[in-house]
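Bear in mind that the values in this text are calculations on the coordinates, not laboratory data. What you see is a predicted model, and the numbers here were worked out from it, not measured in a lab. Because the Cβ atoms are built from the backbone with ideal geometry, glycine has one as well, and the counts that use them run over all protein chains shown.
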Amino acid sequence: MSIRSLIALGCALAAPAALASNDWSFKNVSVNWLDWSNGTEARTNAGAFGGKKDFAFLELEGGFGGNWGEAYGFFDIENPGMGSTEADSRDQRRYAAKAIARFNLGEVSGMPVQLYTHLYDTRDHHDFFNQNRVLGLGTSWSQGNFWIKPFIGAHQELKSGVGAHFNGWMAGYVAGYSFTAFGQSLMATQWHETEFARKDRFLAMGNPDGGVTQGEKTGQNGAVALWWNVNKALTTGIQYRYADNKLGTAAQQNGMVYTVKYNF
């Protein structure tokens, strides 16, 4: 998938009004700042690769759904004000996109059974790219202002220098809770992904003690967020970002993401 394809994917997912028979939809653009903890920077930059440095990113995000199921996606430009030839590779412009679709297959005991598909792609202007592809099953459940959407599926990974191969399994969920406090509209959300039974060919990672090491068979990735809906057009929020044996480093990583969104 080329950078042009990623841009086209992001634009399509952020414009659901162009698709027929949608019961709901949303779309927004946002400005974000990811502030890695000092410990994360020290651990990750000790390795041969996977080093972390704070950066800004722009995001185009959208989702839509109906009786058939639902879809969600985003497209990110990381270090948008930088080029592809910066002396520090961590400052170079990068791209990331994610697309998720859930198709309703039926119900079991009142719970929907969904075909779950998931694609995440990240790359830079040079030779690095990594793409996660997941195919499996999901469901969703809600009670009052709380909702959760879990999934599990087979995981194929396409990575520069490795190729496309089966890479174990992935399970996870997205969840949210809407509430009012001090007269303001708020929402707490979380997304989490666990990769397990990963294959050795994908486990070369930066070593916090220096050099390269073999990562663990299981990796964690996710974020917990608090959002403030200032008004219909403006949302701001703060996220606690975390990962372990992911993002190129065989160590725990964490940081904060500060976001301002324009909803349209």
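For region 139-149, the Karplus equation 6.51 cos²θ - 1.76 cosθ + 1.60, evaluated at θ = phi - 60°, returns couplings of 8, 8, 8, 9, 8, x, 8, 9, 9, 8, 9 Hz by residue, with Gly and Pro reported as x. As a rough guide to protection, the peptides 152-159, 243-250 ranked by mean Cβ packing within 10 Å, highest first, stand as 243-250, 152-159. Given +1 at the Cβ of Lys and Arg, -1 at the Cβ of Asp and Glu and no other charges, the dipole of the chain around its Cα centre is 260 debye to the nearest 20. Residues 179, 57 in ascending order of nearby Cβ atoms (within 10 Å, fewest first): 179, 57.
In order along region 92-102, the Karplus-derived 3J(HN,Hα) couplings, from 6.51 cos²θ - 1.76 cosθ + 1.60 at θ = phi - 60°, round to 6, 5, 9, 9, 9, 8, 9, 9, 10, 9, 10 Hz, and Gly and Pro are given as x. In order along region 190-199, phi translates into HN-Hα couplings of 8, 10, 8, 9, 10, 9, 9, 6, 5, 8 Hz, rounded to whole numbers, per the Karplus curve 6.51 cos²θ - 1.76 cosθ + 1.60 with θ = phi - 60° and x for Gly and Pro. Using just its DSSP H runs of length 4 or more, each adding -39500 (n - 2.57), the chain gives a mean residue ellipticity at 222 nm of -2000 deg cm²/dmol after division by all residues. Taking amide H positions as modeled 1.01 Å from N, with prolines and chain starts lacking one, the residues under 5 Å from residue 105 and 5 or more places away or on another chain are 113, 114, 115.
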